[in-house]
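Just below is one structure, and these are the notes that go with it.
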Amino acid sequence: MQKIEPFTYGNFYHVYNRGINGCNIFRENENYAYFLKLYHQHASSIADTYAWVLMPNHFHFLVRVKEEAEIESANPDRVQNSVRVGTPSQQMSKIFNAYAQAFNKRFQRHGGLFERPFQRKRVQTIAYLRELVLYIHNNPIHHGFCDHILDYPWSSYLTMVCVKPTRLNRNDVIGWFDDQANFKYMHDQKVEIEKIENWLEL
């Protein structure tokens, strides 16, 4: 049986998964938007988000699971909008289960949509965080969906390089690259995804 790393409070994680047997989990723009809506609805109570990308058949998120005291203070009695807030793993699972149900109904399909269990890998160094951000944002280029990150709408990169209010922890991410100019410069360099994957042990 595959050993899955547990979530621990106060730590960073790379959360990722793909469609079962590599099937597409997003077919229309509305699918991407609905998944993000569910993500913010269920994940924001237990985690801060730093980077993300949604691809047709998989996704990646960089999150920090909040300290238990943070969750308790933001969710008295662990209840949010009359819905009980579960453990980090339970909250993530709510996203995938709710989305799979809606996706199956929309496309008249049955059965599982995501591989189980969803993957999570603890991140412990700033160097790892930087490489993971580059890896996440460059995924669309690596898979041939665009030639430049600015051309792909379903990632956090566009939010990172604008000034609009955001739920992302944008200032922290920019700080890992020293400033926004270096953040953009590093993203404009040729990123060797395979080398990063090996370094990140993905």
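The values are calculated or read from the model by the stated rules, or taken from the named source; none is laboratory data. Computed from a predicted structure; not experimentally measured. Reconstructed Cβ throughout: ideal geometry from the backbone, glycine too, with neighbour counts over all protein chains shown.
Each residue in segment 33-50 was checked for being more than 12 Å from Arg167 (Cβ to Cβ), surrounded by 20 or more Cβ atoms within 10 Å (Cβ to Cβ) and of a type in the set (A, V, I, L, M), and 1 pass.
Of all residues in segment 177-202, those that are of a type outside the set (A, V, I, L, M), surrounded by 12 or more Cβ atoms within 10 Å (Cβ to Cβ) and either at pLDDT below 90 or under 15 Å from Ile141 (Cα atoms) (or both) total 4.
Search segment 138-181 for residues being of a type outside the set (Phe, Trp, Tyr) and touching a His at 6+ places or on another chain (Cβ under 6 Å), and hand back the single one that is nearest to Tyr50 (Cα to Cα). Can you show your working first?
Pass one, segment 138-181, residues of a type outside the set (Phe, Trp, Tyr): 138-144, 146-151, 153, 155-156, 158-175, 178-181.
Keeping just the survivors that are touching a His at 6+ places or on another chain (Cβ under 6 Å) gives 149, 155.
Values: Ile149: 17, Ser155: 11 Å.
Looking at the filtered set, the residue picked out is Ser155.
Would you mind finding the one in His40, His14 that is outside any strand (DSSP E or B) and in contact with a Lys or Arg (Cβ under 7 Å, 6 or more places away or on another chain)? The match here is His40.
As a summary of the residue check, Trp199 satisfies the conditions (1) touching a residue at least 24 places away in the same chain (Cβ under 8 Å); (2) among the hydrophobic types (A, V, I, L, M, F, W, C); (3) within 26 Å of Tyr99 (Cβ to Cβ); (4) assigned to a helix (DSSP H, G or I) except for the one numbered (3).
Restricted to segment 56-70, and to residues that are more than 11 Å from the chain's Cα centre (by Cα) and in contact (Cβ under 8 Å) with a residue 24 or more places away in the chain, which residue is surrounded by the fewest Cβ atoms within 10 Å (Cβ to Cβ)? Working first, answer last.
Filtering segment 56-70 for residues more than 11 Å from the chain's Cα centre (by Cα) gives 56-57, 65-70.
Those left that are additionally in contact (Cβ under 8 Å) with a residue 24 or more places away in the chain: 56-57, 65-68.
Working: Pro56: 18, Asn57: 14, Val65: 26, Lys66: 20, Glu67: 12, Glu68: 14.
The qualifying residue surrounded by the fewest Cβ atoms within 10 Å (Cβ to Cβ) is Glu67.
Give Cys162, Cys146 a once-over and let me know the one that is farther than 19 Å from Tyr34 by Cβ, surrounded by fewer than 15 Cβ atoms within 10 Å (Cβ to Cβ) and in contact with a Pro (Cβ under 7 Å, 6 or more places away or on another chain). Only one candidate qualifies: Cys146. State which residue pairs qualify: first residue free of Cβ contacts under 8 Å to residues at least 24 places away in the same chain and inside segment 140-163, second residue of a type in the set (Asp, Glu) in any location, beta carbons under 9 Å apart, and separation of 6 or more residues or different chains. Once the first residue is free of Cβ contacts under 8 Å to residues at least 24 places away in the same chain and sits in segment 140-163, its partners that are of a type in the set (Asp, Glu) give His148/Asp188. For Ala47, are the conditions met, namely being at pLDDT 95 or above and touching a strand residue (DSSP E or B) at 6+ places or on another chain (Cβ under 8 Å)? Yes. Looking across segment 71-83, the residues that are at pLDDT 55 or above and loosely packed, with under 15 Cβ neighbours inside 10 Å come down to Glu72, Ser73, Ala74, Pro76, Asp77.
Restricting the first member to segment 17-31 and to residues that are under 20 Å from Leu62 (Cα atoms), and the second to residues that are small (Gly, Ala, Ser) and assigned to a helix (DSSP H, G or I), the beta-carbon pairs closer than 9 Å and six or more apart or on different chains are Ile25/Ala100.
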